[in-house]
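The structure appears right after this line, and notes come after that.
The values are calculated or read from the model by the stated rules, or taken from the named source; none is laboratory data. Quick caveat, the model's predicted, so the values are computed rather than measured. Heads up, the Cβs are rebuilt from the backbone with ideal geometry, glycines too, and the neighbour counts pull from every protein chain shown. With ligands, DNA and RNA removed, areas are computed over all heavy atoms of the protein, side chains included. Shrake-Rupley method; radii C 1.70, N 1.55, O 1.52, S 1.80 Å.
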Amino acid sequence: MRVGVLGAGQLARMIALAGVPLGLEFVFLDPSADACANRLGEPLVGDYRDPALLAQLAERADVVTYEFENVPANVAEFLVSHTQVHPCPKALAVAQDRLFEKTFFHDIGIPTPDYAAIDSLENLEQAMTTIGYPAILKSRTQGYDGKGQSVLKSPDDLKPAWELLQGVPSVVEAFVPFKREVSIIAVRSVSGETVFYPLSENLHRGGILRVSECRANDPLQQQAEDYVSRLLEALGYVGVLALELFDVNGKLLANEFAPRVHNSGHWTIEGAETSQFENHLRAILDLPLGSTAPVGHAAMVNFIGGLPATEDVLAIPHAHLHLYDKAPRKGRKVAHATIRAENAEQLSESVKKLAELADQVDDS
Ligand code: AMP
């Protein structure tokens, strides 16, 4: 079996690392010849929209998946008409546009922060009379890791924020006083078998994920499973999906979802019986899904902008280093470490040590 992946970054690389033991082969399509997954399979180098390359990908692969959600709709449609593609193009279309995404959440009964669609400065001024301060203005498309966003604290912020976004179609949403940010990673196979990982509790700084900790037996697990199940059903989804949520005093509000394997699920590589990457492959190949049970207490720390010394990470008991083989660059995710522990105290001590190493190399 050969799996085609659109994109050959670290997520594609970790998908391939999970697939090799299952006897799978990989073919990647990415604009960069140096992309970090390329050495784990056959690289096709060029533009994602190049019909000749897409035709080659479809011909070479038994099933195609992707590692990023900004796959243009016509690219997804082309692939669907030539081969099996999971997840479906509809999931991409909804996840690519924050307004569609929020409307979709509402239609299926998943609560979100209050929001309004924005097309002009007048529109924004009007919307703020009901949304109230503080709020956050986000471009509808192309935003990730906090990019294309501005916090609005008073009416004086509206004009500069709108100008910063260069007047692109946007949404404004209430800035919610969350107690914590969590995500749930769910997996659904071609036959409809569905499994959920325990909640990840996520710490962001500057809009970028820094630390995720597995929260086994979290009181909000059931609520999160209910919401993500609705999403899987409504989309007819196949593969791994991550739903990011705000915990506002025990009530979950959806922020966004990613139709792919997700950074907040990296702890599953050593911290769960089956990793999110292996389960994604099992799901799209219609194999039985693996247990999502955590193996002790587990967490993940991202390295952004720079690499730690390997020996410093490995000196921490139960730490595993995952290098992405990417050149360090400001604000770029270049590695992560997963960590396991026998109890919560030991875990928080190890996370603290790893976070210190991450801060030493972080230039963002
Ligand atoms: P996003 O790109 O939508 O994931 O936003 C990046 C980060 O900004 C989130 O992980 C939150 O830490 C913060 N954020 C986004 N939207 C809100 C909101 N409505 N209220 C409070 N914080 C938010």
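Among the helices (runs of 4 or more DSSP H) lying completely within the range 46-146, list those that include at least 1 residues that are open to solvent by 20 Å² or more (accessible area, probe 1.4 Å) and within 16 Å of the ligand (Cβ to nearest atom).
89-96, 98-107, 121-131
Among the residues of the range 247-271, write down those that are in contact with a Lys or Arg (Cβ under 8 Å, 6 or more places away or on another chain), within 15 Å of the ligand (Cβ to nearest atom) and over 19 Å from D226 (Cβ atoms).
N263
Quick check on the range 340-353: of everything there that is open to solvent by less than 60 Å² (accessible area, probe 1.4 Å) and touching a residue at least 60 places away in the same chain (Cβ under 8 Å), which residue is nearest to the chain's Cα centre (by Cα)?
So, considering only residues that are open to solvent by less than 60 Å² (accessible area, probe 1.4 Å) and touching a residue at least 60 places away in the same chain (Cβ under 8 Å), the one nearest to the chain's Cα centre (by Cα) is V351.
Answer yes if at least one residue in the range 226-235 is within 15 Å of the ligand (Cβ to nearest atom), within 26 Å of E270 (Cα to Cα) and touching a residue at least 12 places away in the same chain (Cβ under 8 Å), and no otherwise.
No, the range 226-235 has no match at all.
G239: buried (at least 22 other Cβ atoms within 10 Å of the Cβ) and either hydrophobic (A, V, I, L, M, F, W, C) or under 15 Å from the mean Cα position of the chain (by Cα) (or both), yes or no?
yes
Scan the range 147-156 residue by residue and report those that are away from the ligand (no atom under 14 Å from the Cβ) and open to solvent by less than 50 Å² (accessible area, probe 1.4 Å).
Hit for the range 147-156 is S154, nothing else.
So which strands (runs of 3 or more DSSP E) stay within the range 178-273 end to end and still have 1 or more residues that are out of contact with any His (no Cβ under 7 Å at 6 or more places or on another chain) and closer than 28 Å to V80 by Cβ?
Because the criterion is at least 1 residues that are out of contact with any His (no Cβ under 7 Å at 6 or more places or on another chain) and closer than 28 Å to V80 by Cβ, the strands (runs of 3 or more DSSP E) in the range 178-273 that meet it are 180-188, 194-196, 239-248, 251-258.
Please verify whether the range 169-185 includes one or more residues that are in contact (Cβ under 8 Å) with a residue 24 or more places away in the chain, in contact with a strand residue (DSSP E or B) (Cβ under 9 Å, 6 or more places away or on another chain) and away from the ligand (no atom under 15 Å from the Cβ).
Within the range 169-185, one or more residues are in contact (Cβ under 8 Å) with a residue 24 or more places away in the chain, in contact with a strand residue (DSSP E or B) (Cβ under 9 Å, 6 or more places away or on another chain) and away from the ligand (no atom under 15 Å from the Cβ).
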